[in-house]
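We did not get these values from a lab; they are worked out from the coordinates using the rules stated. Because the structure is a prediction, the values reported are computed rather than measured. Positions of Cβ are backbone-derived with ideal geometry, glycine not excepted, and every protein chain shown enters the neighbour counts.
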């Protein structure tokens with residue numbers, strides 16, 4: 001399989017995130033920077049290094065759905081917000097409030113809300129007025145470090161070291177309600193990804209689980225286990241929901257293909273391939289929003305874009 | 001229980017063996033842990049009689065112990081602890097905050113005056129003298145006005161809320177901490193004044209955070225113990241039944257002012273009194289919602305409708321974060337800010353008797369508690385007087401050097 005190596009970070013790369021146009025990839029690292037890579041003539045070129053925001057590791061990075069904003073979360077407890085000014089991404093604000101390391105950042109589909117989560121066990125929701133961001137809500141629902149957050153439209157999900165999943169919805173009395181789900185992971189939930197009514201969690205218990213999130217419920221559909229013997233740090237659906245990828249501490253990436261639909265209409269996935277991806281832990285995997293290119297990053301300081309030819 | 005600001009700044013969830021306990025019983029634990037052949041034995045800290053002592057203060061200053069400050073606090077400032085202590089002391093006293101009393105009155109279905117009379121009788125039975133906090137709130141307010149008149153610091157931040165204080169000291173640096181009012185809280189003023197008359201002093205407060213305030217080094221144990229409203233609820237119910245108490249109508253004073261639209265008695269009207277001290281004849285006041293109902297701006301206009309100064313009332317962690325953000329970007333135009341950790345203020349404190357979430361929401365309950373707080377009270381003469389005695393404290397940034405985890 002074809003694979004491009006994107007090498008420039010000086011320390012472990014924590015996350016990568018695709019721009020909605022599928023042409024630009026953002027990566028963030030313990031080297032305190034965010035790098036933007038653009039596909040030019042079938043090659044990824046480094047086009048920007050954002051080093052003016054964080055004073056410690058950058059743990060998470062995410063583009064808004066329209067590509068206008070980029071957000072980052074750092075171990076310095078800061079959430080950075082950049083805006084595209086026509087040619088470059090420029091830092092417009094540093095949001096403070098988290099008391100310790102920020103582990104995840106995510107934009108709601110309409111870019112009205114930015115969520116951040118962290119070791120202080122909280123999820124912060126930020127909104128903006130005239131490009132000025134301020135805190136809308138601080139949610140203290142988890143009992144431990146919150147590792148990941150993901151929006152489905154304007155509903156938010158978070159996963160934590162407390163092994164639970166929590167869903168947040170905006171209520172009529174101007175407050176965010178939440179509901180906790182014990183989804184039978186035996187350990188930390190490291191990542192959440194969502195495709196339509198399908199929710200994927202990956203965990204330190206070496207499994208990934210699929211759930212249906214129709215009708216306000218969270219219904220387990222399938223558990224993928226036995227493929228990785230170490231924590232699964234990241235999961236990502238392909239743009240069409242036909243595949244998903246998992247990245248693990250065992251340095252491998254596994255790919256799963258939808259191979260059936262059961263009598264209730266729920267999909268079933270089976271292993272398509274599994275391969276060694278890096279020298280060390282795979283921290284993040286992310287399918288391109290437009291094709292079957294898979295970006296991944298590792299503790300070995302590298303980023304790779306795999307042309308999976310699915 | 002504790003406010004969101006305390007919960008967010010509490011002790012690390014990941015205990016790293018290499019972190020030193022502030023009173024290490026075992027030195028060099030990290031080096032020894034890797035070697036299974038070494039038997040760990042505590043080498044007691046240098047102390048007479050080979051007795052190791054760790055005080056609550058030590059624990060709160062440290063961030064690497066096996067249990068959180070919250071747990072320690074709850075154990076040492078419990079109702080049981082209070083009941084044991086009052087047997088040992090000759091002359092104990094207890095002060096009750098108006099918010100705590102209103103919560104009890106609401107749940108037990110008495111007027112506030114009746115409730116105070118009942119509590120007086122209950123505590124008398126235990127040989128404890130009950131105080132109303134109004135007199136001490138008056139000193140706190142007067143001191144605040146005096147400090148405000150004399151200061152150059154803008155904004156001046158009310159520091160009566162220990163939830164806010166704890167958050168500020170742990171997460172903010174000196175540039176913000178220097179804005180905090182140094183006036184002691186009514187609880188601490190009560191302790192400072194009454195300690196010459198009583199050998200054990202307790203308070204009943206609407207939150208758990210006040211327990212943290214009582215153990216601060218600067219406060220010299222003037223207050224021995226803080227109980228939250230909810231912790232004494234059952235005791236009060238039991239005694240009412242046991243002693244067959246008949247409530248008397250007594251006259252209670254109040255510092256609560258509520259004649260203007262912007263007045264909010266939930267947290268003792270600090271900003272309202274500051275504004276009052278600044279107002280001149282024919283001046284007007286307008287309030288507006290800055291971001292939500294817990295972030296209110298109050299603007300003073302002179303007789304020509306020219307803006308004179310702006311004040312703010314900020315409740316809840318999310319709004320505190322927004323205020324700090326304004327201060328850090330130097331866009332904060334307020335002269336004084338009443339900051340409280342709990343949304344809706346002290347009436348909604350984490351120690352108040354818990355309302356049933358499905359039958360009554362905080363938004364509905366708080367106005368009822370306000371009614372109780374102000375009904376049948378005599379307005380204290382709250383004209384500002386130049387108090388001779390200033391009851392002051394201090395704050396400092398607490399360095400927090402935890403190892404992080406992935």
(message) At 7 Å along Cα-to-Cβ for each site, give me the label-to-label distance between residue B:389 and residue B:368 in nm.
(response) 3.9
(request) Please build a GNM for chain A, connecting alpha carbons under 10 Å apart, and tell me which residue among A:199, A:25, A:264 fluctuates the most. (result) A:264
(request) Report the FRET efficiency, 1/(1 + (r/R0)^6), for residue B:302 and residue B:381, where r is their Cβ-Cβ distance and R0 is 30 Å, rounded to 0.05. (result) 0.65
(message) Springs between alpha-carbon pairs under 10 angstrom, Gaussian network model over chain A: which of A:111, A:298, A:29 fluctuates most?
(response) A:111
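Under the 0.36 nm per residue contour assumption, what length would be gained going from the current alpha-carbon distance of residue A:169 and residue A:261 to full extension? Numbers along the way, then the final one.
On the way: separation 92, 0.36 × 92 = 33.12 nm, distance 2.95 nm.
That works out to 30.2 nm of additional length.
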(request) Would you calculate the separation in nanometres between label points at residue B:75 and residue B:150, each defined as 7 Å from the Cα along the Cα-to-beta-carbon direction? (result) 4.3
(request) Enter the Cα centre distance for the pair the stretch A:292-309 and the stretch B:230-259, rounded to the nearest angstrom. (result) 68
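Which of rounded, prolate, oblate describes the stretch A:175-223, given a ≥ b ≥ c as roots of the alpha-carbon gyration tensor eigenvalues and a/c under 1.5 marking rounded, otherwise prolate only if a/b is larger than b/c? Don't skip to the answer; put the middle values down first.
Values: a/c = 1.86, a/b = 1.32, b/c = 1.41.
Verdict is oblate for the stretch A:175-223.
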(request) Starting from the coordinates of the alpha-carbon atoms of the protein assembly as shown, obtain the Kirkwood hydrodynamic radius over all distinct pairs and give the value in Å to one decimal. (result) 28.0
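If packing is taken as the mean number of other Cβ atoms within 10 Å per residue, what is the order of B:362-372, B:236-246, highest first?
On the way: B:362-372: 16.7, B:236-246: 13.5.
Output ranking for B:362-372, B:236-246: B:362-372, B:236-246.
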(request) Take the Cβ-Cβ distance between residue A:184 and residue A:110 as r, set R0 to 30 Å, and report the resulting FRET efficiency rounded to the nearest 0.05. (result) 0.40
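Between residue B:199 and residue B:243, what length in nm is gained on full extension when 0.36 nm per residue of separation is reduced by their alpha carbon distance? Intermediate values should be presented prior to the final figure.
Working: separation 44, 0.36 × 44 = 15.84 nm, distance 2.63 nm.
Contour length minus Cα-Cα distance gives 13.2 nm.
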(request) Please report how far the C-alpha centroid of the stretch B:145-189 lies from that of the stretch A:236-278, rounded to the nearest whole angstrom. (result) 55
(request) Report, to two decimal places, the Cα Rg of chain A normalised by 2.2 N^0.38 Å (N = number of residues). (result) 0.92
(request) Evaluate E = 1/(1 + (r/R0)^6) for residue A:43 and residue A:276, where r is the Cβ-Cβ distance and R0 equals 30 Å; express this FRET efficiency to the nearest 0.05. (result) 0.80
(request) Take the alpha carbon gyration tensor of the stretch B:209-257, find the square roots of its eigenvalues, order them as a ≥ b ≥ c, and report rounded if a/c is under 1.5; if not, report prolate when a/b exceeds b/c, else oblate. (result) oblate
(message) Which of rounded, prolate or oblate describes the stretch B:150-241 when judged by the alpha-carbon gyration tensor and an a/c cut-off of 1.5?
(response) prolate
(request) Could you work out how far apart the two model spin labels at residue B:293 and residue A:223 are, taking each label as a point 7 Å from the Cα in the direction of the beta carbon, and quote it in nm? (result) 4.5
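Do you know the relative contact order of the stretch A:145-191, to the nearest whole percent, from alpha carbon pairs under 8 angstrom that are 6+ apart? Write out the running numbers ahead of the final one.
On the way: 100 pairs, mean separation 17.5, N = 47.
Taking the mean separation of contacting Cα pairs over the length of the stretch A:145-191, I get 37 percent.
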(message) Which residue fluctuates most in the GNM of chain A (Cα springs below 10 Å): A:88, A:209, A:252?
(response) A:88
